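No value in this document is a laboratory result; all are computed from the given coordinates. Predicted model, so just to flag it, every value in this text is computed and none were measured. Using ideal geometry, Cβ is built from the backbone for each residue, glycine included, and neighbour counts are taken over all protein chains shown.
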Amino acid sequence: MNEIVKKKQIVVIAEHRQGNITPVTGETLSLARELGRILDLETTIIIPGISMENQASHTAGTTGMNVIGIKGEGLELYNCEAYLEALTGLLKTADLHYIILPHTAMGYDLAPRLAVRLKASCITAVEQLSGKGESVTFLRSQWNGKIILEVALLTERKVVTVLPGSWPALDEKPEKPGQVTIIPFESFTKHSKTTGIKEAGRTEFDLTKADVIVAAGRGLRKEENLPVIYELSGIFPKSAVGASRAACDAGWFDYGRQIGITGKTVSPKLYIACGISGSTQHIAGMKGSQMVVAINTDPAASIFGIADYCIVEDLTTFIPCLLEEYGIFSRRQDSE
Ligand SMILES: Cc1cc2nc3c(=O)[nH]c(=O)nc-3n(C[C@H](O)[C@H](O)[C@H](O)COP(=O)(O)OP(=O)(O)OC[C@H]3O[C@@H](n4cnc5c(N)ncnc54)[C@H](O)[C@@H]3O)c2cc1C
């Protein structure tokens, strides 16, 4: 089986949902392409699944990269145990340099386990490459973006996850399609089985289509302060309320409103971050916003690093003042 991954190369583990390769896999392929050019390595894409033939030939056609489908029971939905078993079987003796995955619920669950099985080093949530040739290094944020780590991976095999939003999706017109190989997967120990995926609840206005998002974080402090967020959102047409994971964990919002790597990816015209520190996990979901306004009491908050307008204020006093000003402004307009 392992003779299929023949040359020393880069392998990308594709993520798929409802029969489609996810957009973040396209971003992961961009890093693979960049790394491949630096190190003169080819990239092979692996799609575990049960009926991935169409996806495999489409992906081989749009990327020009070779695609291996691992086909077998237990791989239809992501299941760590089954994926690990299938991938280790294929990759353990292959001549590999890099195994790259998107930094999603699948990627950060699978990557460290795969690294242990393959005796590889592992870096997660990579945002940039640096250096040249064999001395290439990986950059990732730490402490909610307050510092950037530069990491060199010293082992022969390396496992990397790519933070969503850090690379554009691969967009190439290959001269010829890559080869497709489908291999069966038989041995599965069956300690666990993924039985389904349930969509989180929908918001009143689709976050991914909103022109304006007012997002709240832990800085909201208590549920009683929720009305200021909804009122601020209410002054904009085509607006929606979003939240950080901390605000969802606090029970103030349902998880359908969460923005970030484990929530929604949004790119509104205006994003107003209220009491959000700016963790890399949150920023990954909103950094495509055209304009960012951040309200935070901490002048050193990481969110200010990507904000166009930085307001160092307490949101519970600032937003009511802003709303009052807006109210006066609209009354003035009405009377003119
Ligand atoms: C695997 C993984 C996946 C994750 N996925 C996501 C994700 O998808 N989305 C996400 O958001 N997070 C995600 N997280 C969590 C993330 O790491 C942070 O913990 C989270 O984003 C922090 O949320 P926050 O900014 O609301 O809270 P905090 O980091 O606690 O920040 C609160 C901010 O509010 C400010 N503040 C306090 N009081 C006020 C006030 N009165 N007025 C104004 N400002 C005030 C503070 O100065 C602070 O900057 C993930 C974490 C992990 C490990």
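Structural remarks
- Over all projection directions, the Cα-based convex hull of segment 207-335 averages an area of 7.2 nm².
- Relative intensity, log₁₀ I(q)/I(0), of the chain from a Debye sum that treats every alpha carbon as a point, q = 0.12 Å⁻¹: -0.88
- Charge dipole (debye, nearest 20) of segment 207-335; +1 at Cβ of Lys and Arg, -1 at Cβ of Asp and Glu: 440 debye
- Against the empirical 2.2 N^0.38 Å (N residues), segment 26-78 has a Cα radius of gyration ratio of 1.23.
- Remark: C-alpha extents of segment 108-164 on the principal axes read 32, 28, 17 Å, sorted largest to smallest.
- Of Ser233, Ser130, Ser244, Ser277, the sequence from fewest to most neighbouring Cβ atoms within 10 angstrom is Ser130, Ser233, Ser277, Ser244.
- Pair Thr137, Thr297: separation of 7 Å Cα→Cβ label points (nm): 3.7 nm
- Annotation for segment 1-74: GluC sites (Glu not before Pro) lying in DSSP loop with at most 16 further Cβ atoms inside 10 Å of their Cβ are Glu73.
- Within the chain, helix-based [θ] at 222 nm, where runs of 4 or more DSSP H residues each add -39,500 (n - 2.57), nearest 500: -9000 deg cm²/dmol
- Under 19 Å from Lys190, Cα to Cα: aspartates and glutamates that are on another chain or at least 8 residues apart: Glu73, Glu76, Glu81, Glu85, Asp109
- Entries in Lys71/Lys92; Lys238/Lys264; Lys8/Lys287; Lys198/Lys264; Lys8/Lys119 that, when Cα-Cα distance is taken, lie over 24 Å: Lys8/Lys287
- Close amide H partners of Gly131, meaning residues 5 or more places away or on another chain with modelled amide H under 5 Å apart, are Thr137.
- Global geometry of segment 108-259, whether rounded, prolate or oblate, following the gyration tensor of its Cα atoms and the 1.5 cut on a/c: prolate
- The slack between Glu325 and Arg218, meaning 0.36 nm per residue of separation minus the straight C-alpha distance, is 36.0 nm.
- For segment 2-184, the fraction of alpha-carbon pairs in successive 10 Å shells from zero, as %: 10, 41, 38, 10, 1
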